[in-house]
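Read the structure below first, then the notes.
No lab work stands behind these numbers, since they all come straight from the coordinates. Note that the coordinates shown come from a computational prediction; the quantities given were computed from them, not determined experimentally. Methodologically, a virtual Cβ is constructed for each residue, glycine included, from the backbone with ideal geometry; neighbour enumeration extends over all protein chains shown.
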Amino acid sequence: MAAPKTDSNCESFRLALDVLVRPWAALVLNLLQAGPLRFSELSAAAQGPGDKVLSQRLKELEARSLLVRRVEPGPPLRVSYELTPQGRAFNDVAAAIERWGRCLAAAPKKRPTARRAARSA
């Protein structure tokens, strides 16, 4: 068996996973690839996380310097979110995830064997 090409114990690898395992973080990073969005636009495009979770994820991504929150003076006051260069770098990761997802979708579905079914019960 060949050794993995990526060191799973590498600090950089683990840091990236720490960001991506947070629910909805990858989705937010992917949606912002097209350009800045306001909270309501992000919420509508995400079609999943509630406002509280989305707000929390945006704060976390901002704290990691993956996006910036811009406040435009009003009235009305407008807040938009935009990716930093580090956040835009996620585009390559998103493309790799999509390629992998296509492979998963194209793979024949295995029917559960009696042994596997017993383990999952």
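So the values come out like this:
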{"read-out": "Residue satisfying condition, being in contact with a helix residue (DSSP H, G or I) (Cβ under 8 Å, 6 or more places away or on another chain) and at positive phi, within set 55, 65", "value": "65"}
{"read-out": "Residue that is farthest from the chain's Cα centre (by Cα) [pool: residues in region 48-87 that are loosely packed, with under 14 Cβ neighbours inside 10 Å and among the acidic types (Asp, Glu)]", "value": "72"}
{"read-out": "Scan of region 9-47 for residues that are assigned to a loop (DSSP other than H, G, I, E, B), out of contact with any helix residue (DSSP H, G or I) (no Cβ under 7 Å at 6 or more places or on another chain) and surrounded by 13 or more Cβ atoms within 10 Å (Cβ to Cβ), ordered by number", "value": "36"}
